[in-house]
Amino acid sequence: MLQTTRSHLARATIALATLSTFTTLPAAGQTINEDFKLITSDGLPNGLFGYSIAISKGVVAVGAFSDDENGNNSGSAYLFDASTGAQLFKLLASDGADGDFFGLSIAINKGIVAVGAQNDSDNGFRSGSAYLFDASTGEELFKLLPTDGQTGDSFGFSTSINNTIAAVGSILGGDNGIGSGSVYLFEATTGMQTAKLLPDDGAANDQFGHSIAIDNSIIAIGAINANNAAGAASLFDASTGDYLADLIPTDGKANNQFGNSIAISNNIVAAGAWHDDDNGTDSGSIYIFDTNSAPTCPADLTADGSLDFFDIAAFLTLFSSGDLAADFTNDAQLDFFDISAFLTAFSAGCP
């Protein structure tokens, strides 16, 4: 089993991408009418049906983590046919119990549904768990538990699945301090844990794993409270667990909680910052990144393929003006450590 961390000094920082071509968007101002409203066949007050949702190949998966069928707030999930709106199955944990919050997170891909239950207690009180189901039959396939789960980890707060890889966030795991967080990868066809992902600069209360998304073997992970709650996000290779890159907003600042939500498709990553203030206090924003834009030489600030005096001058200009493009330690502030990190990257040269 792999346990992976990242190194900022060897990082490939991805800049914001400008997307100029969309081919499937509706015309501006066009109204799109709903096809169906999905309601459960056995819905009751306070079930919170719709708290989590995912869709794949014509099947809609919906979580209702406060449903009470297996006990108070035990939780449930439902599958619907997206083309007809018909309910297909109700998913319940085979060992559901009071307060499990089964359905708090949900994901579906290629006929497998992943459902998180962050308050399940197999590894201690509220250690958390996740379950895999067959979307075509509603059958429970595996229960996912981390090999080192502990009390209060909240494993299952976030889930994602792509091809045969299932990822589960454990936002209060304590490897890098209380509440620093971690993400576990599992083989969806066997339920076996294959990797544990950790940032090497993780700190208490970062909540690494608050958001997770996988596409084409790239996993994007958000840590909303990292860097004085400025937030952070990074990419890993989902097939190996190797760290790939950091996602850096150009105007990130404390308390934005960048990375509170994240999605990835066809090498484009969208990351939310729900406390960003561009349109007023906590108005929020979304940042778009093109993973193909990751530089192979972070210190090459002039993008001319070589390192020279002009790159040093460019760094000093950015640093003196307070531009976070000079934030080589990715902590949302500029200080001596950024200078040291830049000089280390500069000394390493370009590939």
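The values are calculated or read from the model by the stated rules, or taken from the named source; none is laboratory data. These numbers come from a predicted model, not from an experiment. All Cβ positions, glycine included, derive from the backbone under ideal geometry; neighbour counts span all protein chains shown.
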Notebook entry, point to check: Filtering the stretch 254-285 down to residues that are loosely packed, with under 14 Cβ neighbours inside 10 Å and closer than 22 Å to Ser158 by Cα, which residue is nearest to the chain's Cα centre (by Cα)?
Noted result: Ser265
Check: Out of (1) touching a residue at least 40 places away in the same chain (Cβ under 8 Å); (2) of a type outside the set (Asp, Glu); (3) assigned to a loop (DSSP other than H, G, I, E, B), the odd one out for Phe289 is which?
Finding: (3)
Item checked: Answer residue from the stretch 75-95, given it is crowded, with 20+ Cβ neighbours inside 10 Å and over 24 Å from the mean Cα position of the chain (by Cα) and is farthest from Ile53 (Cα to Cα) among those -> Leu92
Next item on the list: Filter the strands (runs of 3 or more DSSP E) completely within the stretch 157-236 down to those with at least 2 residues that are of a type outside the set (A, V, I, L, M) and without any contact (Cβ under 8 Å) to a residue 24 or more places away in the chain.
Entry: none
Check: Restricting attention to the stretch 9-27, does a residue exist that is at pLDDT 70 or above and over 24 Å from Asn267 (Cβ atoms)?
Finding: yes
Check: Within the stretch 302-322, which residues are in contact with a helix residue (DSSP H, G or I) (Cβ under 8 Å, 6 or more places away or on another chain) and closer than 29 Å to Ala203 by Cα?
Finding: Phe315, Leu318, Phe319
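Mind telling me which of the residues Thr190, Thr250 ends up being among the hydroxyl-bearing types (Ser, Thr, Tyr) and at pLDDT 95 or above?
Checking each option against the conditions leaves just Thr190.
Conditions tested, residue by residue: (1) closer than 27 Å to Asn266 by Cβ; (2) in contact with a strand residue (DSSP E or B) (Cβ under 7 Å, 6 or more places away or on another chain); (3) not acidic (Asp, Glu).
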{"residue": "Gly138", "(1), (2), (3)": "no, yes, yes"}
{"residue": "Asp148", "(1), (2), (3)": "no, no, no"}
{"residue": "Asp153", "(1), (2), (3)": "no, yes, no"}
{"residue": "Gly156", "(1), (2), (3)": "no, yes, yes"}
{"residue": "Ser160", "(1), (2), (3)": "yes, yes, yes"}
{"residue": "Asp175", "(1), (2), (3)": "no, yes, no"}
{"residue": "Ala188", "(1), (2), (3)": "yes, yes, yes"}
{"residue": "Gly191", "(1), (2), (3)": "no, yes, yes"}
